[in-house]
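Laboratory data are not the source of any read-out in this text; all were calculated from the coordinates shown. This is a predicted model, so every value here is computed, not measured. Cβ atoms come from the backbone with ideal geometry, glycine included; neighbour counts cover every protein chain shown.
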Amino acid sequence: MDDKKNLSLEEKLKQGLQQMDQQLDTEEPPLLYFETLVREERKAWHQRLWKELMLLWTAALLMITGLALSFYFVPALFIIIQVTAAAVLLGYVWKEKREMVMINK
């Protein structure tokens, strides 16, 4: 009798789940929708990359131009910039090396 109750309960659960599946039947979009979505996202991604690359090149060009002009017209400013950059770089390397030693311990 216990087995009969279990089977009947199992059948009721299966029927209930099948009815729920039929009521909640959702249609997935066609493959063309996903292909178009991927194409559009890829195009937008490439546009962002090109924009960032152009900004990077512009910033680099402005920095190099500024350094070249300071080298010719204000050599003291050029030397100050170079010493500051070297100090910052050495400080960064020292900090990273110190953190690496702490991690390894």
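What to note about this one:
- Computed [θ] at 222 nm, helices only, for the chain once each DSSP H run of length n ≥ 4 contributes -39500 (n - 2.57): -33000 deg cm²/dmol
- Oblate is the label for the chain, because the ratio a/c of its alpha-carbon gyration tensor axes (a ≥ b ≥ c) is 1.5 or higher and a/b is not greater than b/c.
- Phi to ³J(HN,Hα) by Karplus 6.51 cos²θ - 1.76 cosθ + 1.60 over the stretch 63-77, Hz, x for Gly, Pro: 5, 5, 4, x, 5, 5, 5, 5, 5, 7, 9, 9, x, 5, 5
- Global form of the stretch 55-99, assessed from the alpha-carbon gyration tensor, a/c cut-off 1.5: oblate
- Computed from backbone phi with θ = phi - 60° and the Karplus coefficients 6.51, -1.76 and 1.60, the 3J(HN,Hα) list for the stretch 87-101 is 5, 4, 4, 5, x, 5, 4, 4, 5, 5, 5, 5, 5, 5, 5 Hz; x is used for glycine and proline.
- Inter-label distance, nm, simple model (7 Å from Cα along the C-beta direction), ALA60/GLU10: 6.9
- Karplus-derived 3J(HN,Hα), 6.51/-1.76/1.60, for each residue of the stretch 38-54, Hz, glycine and proline x: 5, 4, 5, 5, 5, 5, 5, 5, 5, 4, 4, 4, 5, 5, 5, 5, 5
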